[in-house]
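Down below is the structure, laid out as structure tokens.
No value in this document is a laboratory result; all are computed from the given coordinates. Source: prediction; values computed, not measured. Note that we place each Cβ from the backbone using ideal geometry, even for glycine, and neighbour counts take in every protein chain shown.
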Amino acid sequence: MDEKKAKKLFKKYLNQTCSKEEKELLERFLESYQGEDVQMSNFRFDNEVKQEVWQKISEKTEIPKSKKTNFNRFLLKYAALFLGLIGLAVAFNYFSSNTTEKSTLVIEDKAIVLKTGDNQTKKIIVGGGESITDADGNVLASQSNDQMVYHGKSTTELVYNEIIIPKGKTFELKLSDGTLVHLNADTSLKYPVSFVEGKDRKVFLKGEAYFEVAKDPKHKFTVVAKDMDVQVLGTHFNVSSYAKEETYAVLAEGSVAISERNLEDTTGEVSILEPGQKASLSKGDISISDVDVNDYLNWRQGDLVFNNEPFRDIIKKIERRYGVEIENSYTELDSVRFRGAFQNETIEDLLDTFKESAEFDYEITNNQILIKKPTKE
């Protein structure tokens, strides 16, 4: 069986239109790559794995009755199902490679940047052991792998540092009070080198971060995020405040007070969140809803989760996660909503998943990805 026929047969199986004979033919085709061929040896389709693959596909694959009429209810049936299964993702990419224009993706390795209070700029290398010192040579913070820890010292003056995380990377920061901050890609945080006794703790966020705030009843902790303030004494919560995107906070444990920051009205609405709730700010109004917090927190483990989100927003998440730029010329997809979860897949694997569900083509030039309408066969 040639590659073109194998690809069509594979797609028929995913669409649950294979006959019994066609299914057996496809299984024999996959088994044929258990030989000594180096290129295909990664398949490793032993009987146990193959049976697990077929069983999971049969149990979990859901196909909409009509891709055209149910466009807004797509389930990414391949995400975290096919791509996470041994060998099958490799096979799928191999079969689809003939119809998608691809070239090697070049992703620029940008450094994390730290701006100090004396206007100095330092590059932070993940995995390194950088130390941050003051003008007198005293160590203010030390790095270990992907975390920077501030030691803190007694002070009466607030001195701020700012850390900038580029697309494609995440980082952890432990503030001088013991608060742990997980910083997502394309995020900056401005924070005091040491907090001042008797003054509330305050940090300034652009992007997304998860805070594990050290308890201190005498000193409130406030995250200033675009037009929203999140105030706590000690708790765990996530805040997202990317430019031109929804600003929101999700509470994992404890309680937080959410308020709109309006310079003309300092007595704005205050909302109290309970664990498992999300507060969103839109056009000056705060709305609260119950959510699955894991959908908003799994990015800390490197997961990429889409929960009924429009494609235009998904593109932004993909850009941040992989450090690439995406142009979507197939604008009909912008408002289409998808569900899916990815873990350690390459961006090519991820794009192939969307390609099969949403039926588009894409091409890669350096770190630029162009999504376009599919070409008719």
*Looking at segment 289-377, which trypsin sites (Lys or Arg not before Pro) are DSSP coil and have at most 11 other C-beta atoms within 10 Å of their C-beta?*
Lys376
*Take Thr365, project a point 7 Å from its Cα along the Cβ direction, then tell me which residues of segment 324-339 have their backbone nitrogen under 14 Å from it.*
325-329
*Search the structure for amide H atoms under 5 Å from the amide H of Ala214, placed 1.01 Å from N in the peptide plane, and list their residues when 5 or more places away or on another chain.*
Thr179, Leu180
*Collect residues whose amide H, placed 1.01 Å from N in the peptide plane, falls under 5 Å from the amide H of Tyr160; neighbours closer than 5 in sequence don't count.*
Val193
*Report the normalised scattering of segment 222-298 as log10 I(q)/I(0) at q = 0.16, 0.22, 0.25 Å⁻¹, calculated by the Debye formula with identical scatterers on the alpha carbons.*
-0.51, -0.97, -1.24
*How much length is gained on full extension from Ala111 to Glu162, taking 0.36 nm per residue of separation minus their Cα-Cα distance?*
17.0 nm
*asked:* Sorted from largest to smallest, which semi-axis lengths in Å does the alpha carbon gyration tensor of segment 112-236 give for its equivalent ellipsoid, taking the root of 5 times each eigenvalue?
replied: 21, 18, 13
*Between Ile272 and Lys190, what length in nm is gained on full extension when 0.36 nm per residue of separation is reduced by their alpha carbon distance?*
27.0 nm
*Exactly which GluC sites (Glu not before Pro) in segment 119-174 are in a DSSP loop and have at most 13 other Cβ atoms within 10 Å?*
Glu157
*Mind listing the phi-derived Karplus ³J(HN,Hα) values for segment 183-194, rounded to whole Hz, using 6.51, -1.76 and 1.60 with θ = phi - 60°, and x for any glycine or proline?*
9, 7, 5, 6, 9, 10, 9, 9, 8, x, 4, 9
*Just add up the charged neighbours of Gln277: K/R +1, D/E -1, any other residue whose Cβ is under 12 Å from the Cβ of Gln277.*
-3
*asked:* In Å, what Kirkwood hydrodynamic radius results for segment 223-377 from the alpha-carbon pair distances?
replied: 17.3
*Under a point spin-label approximation (7 Å from Cα along Cα-to-Cβ), what is the Lys283-Asn119 distance to one decimal in nm?*
4.3
_Can you give me the C-alpha center-to-center distance between segment 195-212 and segment 109-137, rounded to a whole angstrom?_
19
